[in-house]
1. Tally up the residues in region 111-133 that are buried (at least 17 other Cβ atoms within 10 Å of the Cβ) and at pLDDT 95 or above, please.
2. Does residue 93 count as surrounded by 18 or more Cβ atoms within 10 Å (Cβ to Cβ), out of contact with any strand residue (DSSP E or B) (no Cβ under 6 Å at 6 or more places or on another chain) and under 23 Å from residue 151 (Cα atoms)?
3. Considering only region 134-170, state which residues are buried (at least 19 other Cβ atoms within 10 Å of the Cβ) and free of Cβ contacts under 8 Å to residues at least 40 places away in the same chain.
4. Could you list, in sequence order, the residues of region 17-55 that are modelled with pLDDT under 95 and touching a helix residue (DSSP H, G or I) at 6+ places or on another chain (Cβ under 9 Å)?
């Protein structure tokens with residue numbers, strides 16, 4: 001962990017010395033987050049309301065339950081990075097309209113945290129469950145989780161003969 005801070009410090013100094021963006025780490029992370037945000041919103045919109053209860057096999061979540069999981073996890077990560085953990089309890093929602101609205105609310109929370117976090121404040125340690133993580137770590141994990149879950153949503157869409165948004169944009 002000590003080496004993480006040393007490397008991050010040197011990178012911050014180096015990026016300033018070469019005239020790059022004042023927040024190159026957060027800018028780059030936000031770019032990845034923004035791409036996946038667009039894909040997740042489009043995927044949620046693309047699946048017809050009547051198919052939100054679709055599940056490929058009995059052992060897995062429905063499409064709607066998967067969207068709810070994304071919402072609750074994302075809200076937890078991003079509100080935790082703000083220092084004010086909260087939940088939307090999206091698992092209690094079943095309709096497409098309610099889930100899409102909650103997904104947008106979770107992105108509003110994340111957008112606000114991404115917009116207010118600088119490379120310097122990204123090193124601030126935040127309570128996360130029973131441990132502490134840096135703001136950067138929480139936002140990175142939120143982005144990684146979004147990527148993983150989007151992959152699952154893409155499979156659900158393909159099984160319904162719908163083209164995933166990331167494929168559509170190529």
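The values are calculated or read from the model by the stated rules, or taken from the named source; none is laboratory data. Predicted model only: the values in this text are computed from it and were never measured. We place every Cβ from the backbone using ideal geometry, glycine too, and count neighbours over all the protein chains shown.
1. So the answer is 6.
2. The answer is yes for residue 93.
3. Hit for region 134-170 is 134, nothing else.
4. Passing the criteria: 20, 21, 22, 23, 24, 25.
Every residue, every condition in (1) surrounded by fewer than 15 Cβ atoms within 10 Å (Cβ to Cβ); (2) in contact with a strand residue (DSSP E or B) (Cβ under 7 Å, 6 or more places away or on another chain); (3) in a loop (DSSP other than H, G, I, E, B); (4) touching a residue at least 12 places away in the same chain (Cβ under 8 Å), yes or no:
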site: 21; (1), (2), (3), (4): yes, no, yes, no
site: 67; (1), (2), (3), (4): no, no, no, yes
site: 72; (1), (2), (3), (4): no, no, no, yes
site: 99; (1), (2), (3), (4): no, no, no, yes
site: 108; (1), (2), (3), (4): yes, no, no, no
